[in-house]
Amino acid sequence: KAGVTQTPRYLIKTRGQQVTLSCSPISGHRSVSWYQQTPGQGLQFLFEYFSETQRNKGNFPGRFSGRQFSNSRSEMNVSTLELGDSALYLCASSLDGTGGRSTEAFFGQGTRLTVV
Amino acid sequence: GQSLEQPSEVTAVEGAIVQINCTYQTSGFYGLSWYQQHDGGAPTFLSYNALDGLEETGRFSSFLSRSDSYGYLLLQELQMKDSASYFCAPLGGFKTIFGAGTRLFVKA
């Protein structure tokens with residue numbers, strides 16, 4: 001069974017640009033969560049999508065947005081990039097998400113975004 | 001609100017036992033998960049506690065006390081490959097909260 005796939009793996013963008021990251025969950029999983037990871041800050045929750053609906057959102061500015069498609073694939077978008085947005089962005093898929101009491105999330109390898 | 005506390009770093013010797021503590025506060029709590037992440041890798045699931053008490057999975061055990069909002073991960077017979085970051089993740093409220101994690105260094 002294929003794992004969680006994130007594309008691209010690496011990305012370099014310039015301040016002010018926007019970026020779109022993609023996440024394909026495990027087949028049959030309907031929940032996708034996004035996290036930002038920076039050294040010393042751990043995994044910061046961005047948002048969770050379930051059946052194309054955003055169920056919860058973390059404390060990030062409106063520049064960070066996402067969506068989920070009918071096939072459960074998800075994208076996140078960051079507009080007007082800042083240097084501080086440089087991070088590893090991870091997505092995690094689970095069967096029905098924490099609202100459905102899934103106990104295990106499966107992570108992709110992440111997208112390493114560098115903003116210069 | 002949501003809060004989570006783990007020690008930032010722990011160092012132990014190969015073959016020893018180490019305990020990584022986690023205290024949390026989260027709304028709608030229904031369980032505590034643990035994840036391991038090696039440098040450059042993705043977090044991987046280790047264990048889950050829904051009830052109070054100890055869950056054992058090979059060399060790893062995880063404990064939960066819901067009344068104390070406290071849990072720990074116990075790693076026995078430490079190996080060099082256990083050097084990684086460990087995250088406790090309380091589940092609840094439609095999101096899984098991860099903190100900064102605990103960096104475990106295993107020395108020979």
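Structure notes:
- Sparsely packed loop sites in segment A:43-116 (the chymotrypsin sites (Phe, Trp or Tyr not before Pro) outside DSSP H, G, I, E and B with at most 14 other Cβ atoms within 10 Å) comprise A:69.
- Tail fraction, Cα-Cα pairs, chain A, threshold 19 Å, whole percent: 40 percent
- Sites listed here are GluC sites (Glu not before Pro) in segment B:43-80 whose DSSP assignment is loop and whose Cβ has at most 14 other Cβ atoms within 10 Å: B:77.
- Modelled spin labels at residue B:55 and residue A:7, positioned 7 Å past Cα toward Cβ, are 3.4 nm from each other.
- Net charge, residue B:82 excluded, C-beta distance under 12 Å - Lys, Arg +1, Asp, Glu -1: +2
- When the alpha carbon gyration tensor of segment A:3-43 is reduced to an equivalent ellipsoid, its three semi-axes come out at 23, 15, 9 angstrom, largest first.
- The mean number of Cβ atoms from other chains found within 10 Å of a Cβ in peptide A:103-110 is 6, as a whole number.
- The residues of segment A:57-116 present an accessible area of 43 Å² per residue when probed at 1.4 Å with all protein chains retained.
- Rule-of-thumb Rg ratio for chain B [Cα; 2.2 N^0.38 Å; N residues]: 1.01
- Bins of 10 Å, starting at 0 and running to the largest distance - Cα pair percent for the protein assembly as shown: 8, 34, 35, 19, 4, 0
- Charge tally around residue B:36: other residues with Cβ under 11 Å, Lys/Arg +1 each, Asp/Glu -1 each, net 0.
- For chymotrypsin sites (Phe, Trp or Tyr not before Pro), the sites in segment B:28-57 that DSSP calls loop and that have at most 14 other Cβ atoms within 10 Å are B:30.
The values are calculated or read from the model by the stated rules, or taken from the named source; none is laboratory data. Just so we're clear, the structure is a prediction, and the values are computed from it rather than from any experiment. Positions of Cβ are backbone-derived with ideal geometry, glycine not excepted, and every protein chain shown enters the neighbour counts. These accessible areas exclude ligands, DNA and RNA; they are computed on the full protein's heavy atoms, side chains included. Shrake-Rupley method; radii C 1.70, N 1.55, O 1.52, S 1.80 Å.
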